[in-house]
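Read through the structure below, which is laid out as structure tokens, and then see the notes.
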Amino acid sequence: MKSLILTTGARLLIALFLVFSLYVLLRGHNAPGGGFIGGLIAACGFAIHAFASGVAEARRALRVDPRVIGVLGLVCALAAGLMAWPLGFDPFAGVWGEVAGYKVSSVLLFDIGVYLAVVGGILTLIFALEETL
Amino acid sequence: MNSDMTEPSSGRLWGYLAALTAFALAVVFALWIPQVQGGSPVHLTWNWAPSLGVSLGFLVDGLSLIFALLISGIGALIFLYATGYMGDHPQFGRFVLFLLLFMLSMLGLVLARDLITLFVFWELTSVTSYLLIGFGHENAQARRNALQAMLVTAAGGLALLAGFILMATASGSYDLARILAGEGLQDHALYAPILILVLLGAFTKSAQFPFHFWLPNAMAAPTPVSAYLHSATMVKGGVYLLARLHPVLGDTPAWVATLTAAGLVTAVMASVLALRQTDLKTALAYTTLMALGTITLFLAGGSPYALTAAIAFLVVHSLYKAALFMVVGAIDHGTGTRDVARLGGLARAMPWTAAAAALAGASMAGLPPMIGWIGKELLYAGSATLAPSALVTAGVLIANALMFAVAGVVALRPFWGTPGDPPHAPHEAPWQMLAGPVILGALGLVFGLGAGLLQPMIDATVTGSLGQTRAAGLHLWAGVNLPLALSAATFALGTALYLTRDRLRGMIGGLLERLPGFDPGWDRLLDWFRDFCAWQARLIQTGRLREYLAASFVVLALVLGATLILKRPVIVLDLSAPLLVWLIAGFTIAGAFLTLNPHSRISNIAGIGTVGIGVALIFIFFGAPDVATTQLMVETLSAVLFGIAMLRLPGIVERRTGSQRLRHAALAGAVGLCMTLTVLAITSQPLDRHITTYFEENSYSLAHGLNIVNVILVDFRAFDTFGELTVVLLASLGAYAVLKRRGARMRK
């Protein structure tokens with residue numbers, strides 16, 4: 001079932017979805033947003049791509065197996081959580097520092113981990129469902 | 001896998017690296033010796049879960065340092081040995097990894113300063129030993145024995161966890177250093193359950209009667225594993241725990257009676273069974289049981305003699321037993337058999353192995369001037385202080401005499417006398433396999449001649465860790481006394497047993513046939529449990545989604561309904577709301593009715609989506625844009641997932657009878673009613689804002705964030721979020737596996 005309108009629209013939409021998902025991810029600490037919502041938005045983007053152009057095309061666009069993305073997210077979150085330990089804080093406490101005037105933290109890495117785990121988990125499921133059912 | 005097969009040398013490299021790692025650890029531990037002997041233990045602590053009072057803490061005192069030195073030192077030799085023994089095995093790299101993980105778990109266990117830390121490492125040793133026993137996983141027997149060892153020790157571990165939690169409740173802390181510095185738990189109301197649970201853990205791990213049956217079966221493991229786990233280290237974990245908790249749990253009638261009985265029965269029974277074996281490795285396995293029983297027996301006591309004997313014998317046993325296991329492996333490697341009947345006169349072809357076997361065997365037999373002699377003298381000196389001393393002394397005498405005989409079978413018989421008929425001509429083992437037994441055998445001699453060398457370490461353990469005022473002295477010659485007379489009796493009896501061993505073997509075998517075995521009983525237990533699980537699965541798991549849902553909803557309605565009836569909460573019905581909210585509510589309710597359409601799945605999915613979006617709109621209206629956005633995205637994605645899955649199903653055909661439909665409607669109505677009343681009851685209460693206030697006040701000052709929802713997710717409750725992420729990912733990976741399998745089946 002290929003629809004020209006959907007395929008063309010999806011091309012524009014997916015870019016918008018991805019940019020917006022990153023925006024939501026990064027602003028999440030102080031304004032509505034965060035890794036979970038961002039991950040859902042990005043997953044929606046690729047889901048639309050999969051419907052418009054097929055799962056094989058969506059997998060190519062993603063470049064990496066969604067399972068790997070999900071596990072990578074988990075590793076990021078774990079690394080962010082354990083990073084505090086050797087620095088003398090309790091595990092999973094946020095660690096903050098400043099680089100060139102910008103505040104950076106392990107919390108952002110954790111949120112990126114959430115983002116990747118959500119994207120990976122949901123796309124694993126959607127792609128597998130589309131391919132086998 | 002294939003690349004491993006073509007270049008086996010890469011596996012060897014890992015073996016050498018692991019040996020170096022273990023050696024480096026041993027050096028680090030050795031550097032701590034002066035400080036610990038000076039009476040100041042080393043403490044290392046990191047916060048783990050401070051809100052639960054759990055820390056990742058380590059304590060290096062006399063007791064833990066002795067264990068750590070044995071584990072890392074013997075570990076280094078074992079890695080070297082394994083590299084020679086099975087370095088060209090295609091999966092040697094994996095083997096080294098398992099063994100290294102095991103070594104680190106074991107070190108964590110003996111060094112832990114926190115009860116939870118100790119428990120975690122305790123279970124890790126069970127898991128890694130499962131992987132090692134079952135290393136030859138193509139063999140069904142190896143898999144079964146690995147599972148048996150894991151089930152027995154892990155079940156004991158769970159009992160131990162319960163015991164530890166009770167201990168922390170009784171003493172007010174998970175910190176072992178603080179518990180040990182306290183007054184002891186012997187008079188606490190929880191003492192009895194704590195003792196039972198802790199002993200269950202220790203006895204299963206150290207294979208004390210009646211949990212002894214798994215240890216000989218664990219000999220399914222490759223020989224380096226047997227030499228390491230089942231002689232020198234893992235099985236000593238239980239003994240370590242008993243020694244560690246001796247000051248806070250020991251010296252009560254229950255402690256003394258249980259440890260004496262279990263230790264004595266295990267020691268005597270195991271040494272009788274050891275003499276019966278013709279397979280060298282199995283014979284050694286039983287003598288390990290004897291040693292563990294003996295150490296447990298002496299930990300029952302509260303006198304310096306008994307405790308010094310326990311600790312000294314522990315060191316003695318680790319040295320000679322690891323050496324002898326490695327010797328047996330070398331014999332197997334060099335001749336192709338471990339059957340004592342086919343071996344003899346190997347000393348000419350395997351001189352180094354023979355020398356190491358002679359040294360270790362002499363220590364095992366308790367001959368002077370080996371450390372084993374000193375250990376045996378201490379056992380006799382200590383057994384006089386145990387009650388009932390006549391019985392204990394007689395038991396120790398029998399066990400030692402049998403050890404003497406088995407030492408002859410293992411270390412003497414294969415190497416001297418007439419040559420046997422092994423499967424292939426004997427050849428000496430490579431140097432990697434000789435280093436371990438030769439060094440350990442020689443150490444037995446060094447520590448025997450220089451008996452004072454071990455004394456400071458034993459002193460630090462018995463006085464520093466076990467709370468005694470002094471330790472007994474280690475002397476090669478303690479004068480003419482009772483232990484000397486008992487030693488002479490041991491040698492005489494042992495020689496007699498060695499010479500008549502063939503006839504004894506037949507007698508013991510005949511006796512055993514009339515006794516019920518533990519292993520068949522174990523298999524029956526597992527079979528019964530499997531049948532029970534199958535029966536309850538057939539009963540509960542009907543495989544029909546509708547019935548699972550009905551069961552869940554019945555429970556929900558019952559729980560909510562019972563609470564409402566019992567509590568009779570005040571319900572205030574406040575219907576004043578802006579028109580917009582009424583409109584959203586109407587829209588949501590209309591969506592709910594759409595899901596009732598029995599003819600079209602797509603309209604059902606659309607109905608569910610409408611309800612979800614209605615709820616999201618309400619969230620927006622009440623100022624929760626985060627939750628609303630999430631809700632919208634989740635609704636969108638679930639509509640997609642439902643769409644993919646359900647639209648592929650065949651069309652809906654109504655098969656329910658009228659009364660079934662009526663029952664479902666009643667259930668749905670009941671759930672809806674109870675839920676509505678509950679929500680109304682909750683909103684009728686004044687909102688408790690203290691948690692909200694806490695986050696409002698602290699989200700920026702503590703976590704540098706203004707978005708409270710996000711700050712809670714990624715900072716305040718980051719650990720929970722991490723758990724949820726794991727669940728999300730595992731769920732989708734599980735679904736992936738199921739779907740792909742189904743897909744593969746359908747393609748066939």
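Quick look at the numbers
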read-out	value
Residues of region A:79-104 satisfying the condition of being within 20 Å of A:Phe36 (Cα to Cα) and within 7 Å of chain B (Cβ to nearest Cβ)	A:Gly81, A:Phe92, A:Gly94
Some residue of region B:687-695 being more than 9 Å from every other protein chain (Cβ to nearest Cβ), open to solvent by 60 Å² or more (accessible area, probe 1.4 Å) and either among the small types (Gly, Ala, Ser) or touching a helix residue (DSSP H, G or I) at 6+ places or on another chain (Cβ under 6 Å) (or both)	no
Where B:Ala645 falls short, out of the listed (1) without any contact (Cβ under 8 Å) to a residue 12 or more places away in the chain; (2) more than 9 Å from every other protein chain (Cβ to nearest Cβ)	(2)
Given (1) more than 19 Å from the chain's Cα centre (by Cα); (2) more than 28 Å from B:Leu706 (Cβ to Cβ); (3) of a type outside the set (Phe, Trp, Tyr); (4) open to solvent by 20 Å² or more (accessible area, probe 1.4 Å), index of the condition A:Arg59 fails	(1)
Region B:25-54, residues that are surrounded by 20 or more Cβ atoms within 10 Å (Cβ to Cβ) and either of a type in the set (Val, Ile, Thr) or within 21 Å of the chain's Cα centre (by Cα) (or both)	B:Val36
Candidates B:Pro516, B:Pro598, B:Pro520, filtered to the one that is at pLDDT below 90, open to solvent by 100 Å² or more (accessible area, probe 1.4 Å) and more than 30 Å from B:Phe619 (Cβ to Cβ)	B:Pro516
When residues of region B:601-621 are limited to those that are within 14 Å of chain A (Cβ to nearest Cβ) and under 21 Å from B:Ala577 (Cα atoms), the one most open to solvent (accessible area, probe 1.4 Å)	B:Ile620
Residue count, region B:230-267 (criterion: part of a loop (DSSP other than H, G, I, E, B) and closer than 16 Å to B:Leu466 by Cα)	3
Residue among B:Gly420, B:Gly436, B:Gly479 that alone is within 38 Å of the chain's Cα centre (by Cα) and either open to solvent by less than 60 Å² (accessible area, probe 1.4 Å) or closer than 17 Å to B:Met364 by Cα (or both)	B:Gly436
Meets criteria (under 28 Å from A:Ala128 (Cα atoms) and either at the interface with chain B (Cβ under 10 Å from one of its Cβ atoms) or surrounded by 12 or more Cβ atoms within 10 Å (Cβ to Cβ) (or both)) for A:Arg67	yes
Selection from region B:649-684 of residues that are surrounded by fewer than 11 Cβ atoms within 10 Å (Cβ to Cβ) and part of a loop (DSSP other than H, G, I, E, B)	B:Leu649, B:Pro650, B:Gly651, B:Val653, B:Glu654, B:Arg655, B:Thr657
Tally of residues being in contact with a helix residue (DSSP H, G or I) (Cβ under 8 Å, 6 or more places away or on another chain) and more than 24 Å from B:Val110 (Cβ to Cβ) across region B:449-469	2
Verdict on B:Leu702 being at pLDDT below 80, over 22 Å from B:Pro625 (Cα atoms), under 45 Å from the mean Cα position of the chain (by Cα) and more than 7 Å from every other protein chain (Cβ to nearest Cβ)	yes
Options B:Thr393, B:Thr335, B:Thr296; residue that is at negative phi and touching a His at 6+ places or on another chain (Cβ under 8 Å)	B:Thr335
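The values are calculated or read from the model by the stated rules, or taken from the named source; none is laboratory data. The structure displayed is predicted, hence computed values, not measured ones. Note: ideal-geometry Cβ built from the backbone for every residue, glycine included; neighbour counts use all protein chains shown. Note: areas computed on protein heavy atoms with side chains; ligands, DNA, RNA excluded. Shrake-Rupley method; radii C 1.70, N 1.55, O 1.52, S 1.80 Å.
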